[in-house]
């Protein structure tokens with residue numbers, strides 16, 4: 001599946017407080033806190049990085065996915081934006097290691113690993129299409145989940161972050177409801193945040209993983 005991904009990150013300093021506020025804003029818990037492993041692949045001369053593209057295999061619990069992301073073309077973006085806009089192609093796979101072996105044969109090797117614990121929340125939206133409860137083809141539930149509007153909470157080795165993904169107007173409205181200062185929002189990838197953290201701390205870690213980054217060093221990366 002290919003789609004335009006529009007998102008913003010922001011650092012979270014009180015994870016429990018943020019999560020407690022989400023149900024009152026209409027969010028439903030989609031997946032509870034789950035360990036996630038990500039591996040980025042590239043050629044030896046980093047052709048994908050030079051083109052600002054990523055090729056990723058992700059394991060989220062027992063679910064494997066492969067993802068390719070690229071910048072949106074100027075013709076696909078109406079005007080400059082402060083949001084992160086990428087064209088994303090993603091699909092589930094049965095065997096991540098088997099796909100990694102295929103990548104190896106094609107000249108793509110693992111270049112960066114990053115880990116986090118992710119909790120996913122989806123926004124509940126009212127059903128307003130057609131007369132309520134009179135048409136048997138419509139579901140009888142009072143609400144449905146819109147998969148394009150979601151908030152994820154990421155606990156990473158360098159701090160906690162939230163990501164909002166959806167239309168820009170909805171992102172801005174949700175930031176206001178969460179009382180998040182837009183000036184604190186980020187469009188950087190976790191790879192870029194990791195490099196910023198390394199420069200600031202002097203860490204020699206090469207990957208954003210819990211085994212390589214001691215717990216006492218945990219701290220959010222500020223914009």
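Please treat every number below as a calculation from the coordinates, not as lab data. Bear in mind that the values here come from a model prediction, so they are computed numbers and not experimental data.
Please state the shape class of region 29-70: rounded when a/c is under 1.5, otherwise prolate if a/b exceeds b/c and oblate if not, all from the C-alpha gyration tensor. Verdict is prolate for region 29-70. The distance separating the Cα centre of region 1-59 from that of region 146-200 comes to 9 Å. Decide, for region 1-116, between rounded, prolate and oblate: order the square roots of the alpha carbon gyration tensor eigenvalues as a ≥ b ≥ c, take rounded if a/c falls under 1.5, and otherwise choose prolate if a/b is larger than b/c, else oblate. Since a/c reaches 1.5 but b/c is at least a/b, the shape of region 1-116 is classed as oblate.
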